1. As an exercise, identify the trypsin sites (Lys or Arg not before Pro) in region 24-96 lying in DSSP coil whose Cβ has no more than 13 other Cβ atoms within 10 Å.
2. Probe of 1.4 angstrom, ligands and nucleic acids ignored: what's the accessible area per residue over the chain, in square angstrom?
3. Once amide H atoms are built 1.01 Å from N in the peptide plane, which residues 5 or more positions from Gly5, or in another chain, come under 5 Å H to H?
4. Could you tell me which GluC sites (Glu not before Pro) in region 261-298 are loop residues by DSSP with no more than 16 other beta carbons within 10 angstrom of their beta carbon?
5. Using a 10 Å Cβ count of at most 15 others and DSSP loop calls, identify the longest part of the chain lacking such chymotrypsin sites (Phe, Trp or Tyr not before Pro).
6. About the Cα centre of region 94-174, what is the dipole size in debye to 20, counting +1 per Lys and Arg Cβ and -1 per Asp and Glu Cβ, all else neutral?
7. Quick check: at a probe of 1.4 Å, how many percent of the accessible area of region 89-170 sits on carbon and sulfur atoms?
8. Only loop residues by DSSP count here, and only those with at most 16 other Cβ atoms within 10 Å; note down the GluC sites (Glu not before Pro) in region 91-193 that meet that.
Amino acid sequence: MSDAGADLVILGGGSGGYAAAFRAAELGQSVILIEKDKLGGTCLHRGCIPTKALLHAAEVADTAREGEQFGVKTTLEGVDIAGVHKYKDGVISRLYKGLQGLAKAHKVTVVEGTGTFVGGTTVEVDGTRYTGKNLVLATGSYSKTLPGLELGGRIIASDEALTLDWIPEKVVVLGGGVIGVEFASVWASFGVDVTIVEALPRLVPAEDEFASKQLERAFRRRKINFKTGVKFTGAKQDDNGVTVSLESGETLEADLLLVAVGRGPNTAGHGYEEAGVRMERGFVITDERLRTNLPNVYAVGDIVPGLQLAHRGFAQGIFVAEEIAGMEPKAIDEAGIPRVTYSHPEVASVGLSEAAAKERYGSDVQTFTYDLAGNGKSQILKTSGAIKVIKAPDGPVVGLHLVGDRVGELIGEAQLIYNWEAFPEDVAPLIHAHPTQTEALGEAHLALAGKPLHVHS
């Protein structure tokens, strides 16, 4: 095949890459999208979608086990892991087919193969070069491990955990961030004895401290063990299991060790450094308009420092396509990107933590925490948790933090409140349907506006 050209060449067909491709095509550009694996990337095939399918199966298991508390006589006979995977893979397959159809409908040329950036705006795949007027780098991320800790056998990362064809009795999860607590939640619902090891002082350490305490309290009730503020020092495995050593001198015995210490940028081996792309710690450095240091070369998604979230990739892909088209889109506010951890209970947030708000605005920031014990729908669902709202002095709401089952569904309104720089007085008059969990957001803003309703003084 001879070399080919297009208005836009994109290296990587994950969330950021295909979003850029579709939006650019909508704007009349010809697009070549290069992907070495499957369209949809980590999120669709090894991340967001499969993990949330497992979490829903876990929720169903909990509901079956606990039906009697709702007056319904149910029992959990067990978990058919093959059936769980069939359900999970069916969801992925349907979404993948839909994505392939969208690529065809947008007339995006999809090239299968490993691409190497060779300079300018050119990517080479199996000896063929593809040159664009502009180039977007979007090669995503990979599961990290710790120095000296080799993955394999009974020491696994999230990719292997998603396809595990048996349910272990005991698991140690190394890392108490989003990935770690989500898998811990799934396994606990499946009847596994789980222990999380987190080197930092609390679970989900990137969240507001309030959210960490709420989640830790819930995990204790669920008998999910966790050790925070303690460092991992090593692991040994044999045919019978794995032994995990901690800096405290304690050892933990388990069937598996899940390494969930985060994801690294997938930039090695793609020719970025050789082509002169400015990088730090493996990440591609861009300005706020996602331009690299090279002319007409952009980067989006997990290879750009910041939140590693699929919806951030979508937003950046759309932004870059519109930027290239000369539409001058508004720069993305990273703090305005909603974040959800889909454990049981869920943790959702947008904007600044209380500590970050005080650092920016001083100690006079106002906060209000509304306990879900006062929310009718949450009581119906039998979920505990709370909503915390943070307000700048004489200013708008600058942070919202939610903990409880299904609160991820509330983050849409929360992100509008933050991104539109709403004051509590703007939100207080809005009518929230009763009984819904969205009322909790309304109640918190009523209180901050000085007219609390279902709130004990």
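1. Values: sites: Lys36, Lys38, Arg46, Lys52, Arg65, Lys73, Lys86, Lys88, Arg94; in loops: Lys36, Lys38, Lys73.
For trypsin sites (Lys or Arg not before Pro) across region 24-96 that sit outside H, G, I, E and B with at most 13 neighbouring Cβ atoms in 10 Å, the list reads Lys73.
2. Values: 21240 Å² over 457 residues.
Roughly 46 Å² per residue, with all protein chains present.
3. Those lying under 5 Å, H to H, from Gly5 are Thr131.
4. Details: sites: Glu273, Glu274, Glu280, Glu288; in loops: Glu288.
Counting only loop positions with at most 16 other Cβ atoms within 10 Å, the GluC sites (Glu not before Pro) in region 261-298 are Glu288.
5. Longest gap between qualifying sites, sites excluded: 167-419.
6. On the way: 9 positive and 8 negative charges, 98 e Å.
Around 480 debye, computed over region 94-174.
7. Working: 2230 of 4390 Å².
It is 51 percent, rounded to a whole number.
8. Here the sparse-neighbourhood loop sites are Glu150, Glu169.
The values are calculated or read from the model by the stated rules, or taken from the named source; none is laboratory data. Owing to the predicted nature of the structure, the values given are computational and were not obtained by experimental measurement. FYI the Cβ positions are ideal-geometry reconstructions off the backbone, even for glycines, and counts take in every protein chain you see. SASA here: full protein model, heavy atoms, side chains in, ligands and nucleic acids out. Shrake-Rupley method; radii C 1.70, N 1.55, O 1.52, S 1.80 Å.
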